[in-house]
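For reference, the structure discussed in these notes is given below.
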Amino acid sequence: MKGEFTNTLKVAFIYVTAIIGAGFASGQEIVQFFSVYYRVGFYGIILAGIMFSIIGCIVLNKVYTERIRNYDEFLFPVVGYYPGIIMETVVTLFMFTLFSVMTAGTINILTSKAGIPFVISALLMAFAYSVFMIKGIKAIASLSMFVTPVLIAGMLMAGFYIIAYQDTYVFNAIGLNRILTRNWLSSSILYVSYNSILSIAVLCELQPYLKTRRIALAGGCIGGCLLCIIAVVINAALSVVNPDFLKNELPVLDIIGKNNDVFNFIYMLILWIAMFTSGIMAGYGFAKRVNSCFGINMKFITVISCAAAVVLSGFGFSNLISVLYPLFGYAGLFMIIVVLVQGVRDLFIGRHKRTIL
């Protein structure tokens, strides 16, 4: 029973870590996808949490029942060969994009907050990412089990701190442009869509931890609920501050830094860890996809992808989020629809079999 509980937490934490990254923990994603929609942005967060839970349960249940070992074994039987090739290309490109965004975020913190020169920061991050990416999914799982509780606690504390100590500008989104979508519903769906591109690929690697169906279902549900709770708290905090802060690259960190230097330093570390762990998952996923498709040596593609991500990070953290994420969000809608249809189909077939028996 203890082993089942531990594996459930591992699965849930890996799921959460795959989604919590530079944009989420810094508040940048929450601002651009939810805060700009005033009070109804909370509806979008709740819908996103429900969708994350459902998608996680469906994917993990399929991985458990069919003993799926990787993303290819999940993707191609579900969508077919040619759509699978297209979707695999989209997934691979998004993983590299996300890896570049995380790299931009970690370098941004080291340069702007810690005062480390850009070149040294870039070299440090490239080396750190390379080490974990080469070690593989077991090292990533161990890292997630350790850092995810810290990330969750840190983000919740930051949100409550802002709510408790900041001047109140309740639900004031004046001056923010709705550049992603025109309403909270489509924004929420896009948010889940692009995040699911990476998270589904990561969940397909978790078969060794899915010893029972309960682990699969509970892991997906707990992961989605945790994401929803954290996002609600962060959005509530961002809704009670001067809207000028919301235009910054790292809004949550900048708000905390206004009044408390110690907490600012602590949250800077938490934010850096969030970016780093999510970046590892994206970078590892990208390198493994390239290795699988083209047979290129894993160490070689890891070094090349780290170098390329450093170059792309020069475009800026918030710019990468606002321009590239929505594009992949639209592309990922196809996968979301397929997963949901597959879930309904599996549920119907399961009930049909029980009726016959």
Give the residue that is surrounded by the fewest Cβ atoms within 10 Å (Cβ to Cβ), with candidates limited to residues of region 261-273 that are farther than 14 Å from G159 by Cα and over 21 Å from the mean Cα position of the chain (by Cα). V262
Give the residue, chosen from L110, L98, L60, that is within 19 Å of the chain's Cα centre (by Cα) and at pLDDT 85 or above. L60
Filter region 131-146 for residues that are buried (at least 19 other Cβ atoms within 10 Å of the Cβ) and more than 19 Å from the chain's Cα centre (by Cα) and give the result. none
Name the residue, out of I120, I152, I134, that is farther than 29 Å from S239 by Cβ, of a type in the set (V, I, T) and touching a residue at least 24 places away in the same chain (Cβ under 8 Å). I134
Does K138 satisfy being outside any helix (DSSP H, G or I) and either at negative phi or modelled with pLDDT of 85 or more (or both)? no
Quick one: in region 11-55, of everything that is surrounded by fewer than 21 Cβ atoms within 10 Å (Cβ to Cβ) and more than 14 Å from L190 (Cβ to Cβ), which residue is modelled with the lowest pLDDT? Y38
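Every residue, every condition in (1) under 22 Å from I255 (Cα atoms); (2) surrounded by 15 or more Cβ atoms within 10 Å (Cβ to Cβ), yes or no:
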site	(1), (2)
V91	no, yes
S100	no, yes
N108	yes, yes
T111	yes, yes
I120	no, no
F127	no, no
So, L333, is that one at pLDDT below 80, assigned to a helix (DSSP H, G or I) and among the aliphatic types (A, V, I, L, M) or not? no
Could you tell me whether G3 is out of contact with any Ser or Thr (no Cβ under 7 Å at 6 or more places or on another chain), buried (at least 20 other Cβ atoms within 10 Å of the Cβ) and of a type outside the set (A, V, I, L, M)? no
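The values are calculated or read from the model by the stated rules, or taken from the named source; none is laboratory data. Just so we're clear, the structure is a prediction, and the values are computed from it rather than from any experiment. Glycine gets a Cβ as well: all are built from the backbone with ideal geometry, and neighbour counts include every protein chain shown.
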